[in-house]
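Structure first, commentary second.
The values are calculated or read from the model by the stated rules, or taken from the named source; none is laboratory data. On a predicted model such as this, the values are computed, not experimentally measured, just so you know. Cβ sites come from the backbone with ideal geometry, for glycine too, and all protein chains shown count toward neighbours. Each accessible area value is taken on the protein alone, full model and side chains, heavy atoms only, with ligands, DNA and RNA left out. Shrake-Rupley method; radii C 1.70, N 1.55, O 1.52, S 1.80 Å.
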Amino acid sequence: MQVPTPAAAMAIRDSLEEEVLIALVRAAWLAAERSNAVTAAAGLSPSQYNVLRILRTAGRGGLSCTEIGTRMVTRDSDLTRLMSGLAHAGLVVRGTDSADRRRSTNRITAAGRALLRRLDGDVADAAKQTLGPLGRPRLTALRDLLVAFAPPQTSDLT
């Protein structure tokens, strides 16, 4: 017995692109489920976790909300509120840029870095449990296809 694709189960048969889109969205949701459970157990939403990882790589200089927003995996409509919550939890500190008083700069705190260090292994294990069964050749091919579909922006690499 052949298992129907998600698109076939929804009776979508006339558009390969729509079938692929549905399969891609479903796969992304399933792939994120385990790692989101890890971060939720630590009291973080996926967006909060993403911000902390972005700020960890930013170093001492920190980033503005605009810079963080361009690097986010998924866009959060209320990044200011998200940053306030992380600051209230002591995971980030917000300050004013000395060169431009209108610009706020966000930096990860020692507590934020420590939380990420505690989560790093569990998040990596969740990814391996979820995607590892595909094997290295398929994972490499999948990564290459996804990068071809959604190439990293220059801001994602800096």
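List every residue pair whose Cβ atoms sit under 7 Å apart, with the two residues 6 or more apart in sequence or on different chains, where the first one lies in the range 112-141 and is within 30 Å of residue 91 (Cβ to Cβ) and in a helix (DSSP H, G or I) and the second, anywhere, is open to solvent by 100 Å² or more (accessible area, probe 1.4 Å) and not aliphatic (A, V, I, L, M).
Short answer, once both residue conditions are applied: 116/53; 126/34; 129/34; 130/34.
For the range 80-103, does any single residue satisfy the condition of being of a type in the set (A, V, I, L, M) and at pLDDT below 90?
Initially, the range 80-103 is screened for residues of a type in the set (A, V, I, L, M), giving 82-83, 86-87, 89, 91-93, 99.
From what is left, the residues that are at pLDDT below 90 are 99.
Yes: one or more hits.
Give the residues of the range 66-91 that are more than 13 Å from residue 50 (Cα to Cα) and open to solvent by less than 50 Å² (accessible area, probe 1.4 Å), sorted by residue number.
85, 87, 90
Among the residues of the range 71-92, what is the count of those that are among the polar types (S, T, N, Q) and in a loop (DSSP other than H, G, I, E, B)?
Pass one, the range 71-92, residues among the polar types (S, T, N, Q): 74, 77, 80, 84.
With the extra rule that they be in a loop (DSSP other than H, G, I, E, B), the set shrinks to 74, 77.
The number of residues fulfilling the criteria is 2.
For the range 36-72, give me the residue count where each residue is without any contact (Cβ under 8 Å) to a residue 12 or more places away in the chain, in contact with a helix residue (DSSP H, G or I) (Cβ under 7 Å, 6 or more places away or on another chain) and closer than 18 Å to residue 152 by Cβ.
Summing the residues that are without any contact (Cβ under 8 Å) to a residue 12 or more places away in the chain, in contact with a helix residue (DSSP H, G or I) (Cβ under 7 Å, 6 or more places away or on another chain) and closer than 18 Å to residue 152 by Cβ in the range 36-72 gives 1.
Does at least one position in the range 120-133 carry a residue that is open to solvent by 80 Å² or more (accessible area, probe 1.4 Å) and over 22 Å from residue 35 (Cα atoms)?
Within the range 120-133 (the criterion being open to solvent by 80 Å² or more (accessible area, probe 1.4 Å) and over 22 Å from residue 35 (Cα atoms)), the answer is no, since none of the residues qualifies.
Would you mind telling me which numbered condition in (1) within 25 Å of residue 33 (Cα to Cα); (2) open to solvent by less than 40 Å² (accessible area, probe 1.4 Å); (3) not in a helix (DSSP H, G or I) residue 95 fails?
(1)
For the range 14-34, what are the residues that are under 15 Å from residue 74 (Cα atoms) and of a type in the set (Gly, Ala, Ser)?
28, 31, 32
Could you say which residue among 139, 86 is more than 23 Å from residue 24 (Cβ to Cβ) and not basic (Lys, Arg)?
86
Collect the residues in the range 15-65 that are part of a helix (DSSP H, G or I), in contact with a strand residue (DSSP E or B) (Cβ under 8 Å, 6 or more places away or on another chain) and surrounded by 12 or more Cβ atoms within 10 Å (Cβ to Cβ), keeping them in residue-number order.
Those that are part of a helix (DSSP H, G or I), in contact with a strand residue (DSSP E or B) (Cβ under 8 Å, 6 or more places away or on another chain) and surrounded by 12 or more Cβ atoms within 10 Å (Cβ to Cβ): 51, 52, 54, 55, 56, 58, 65.
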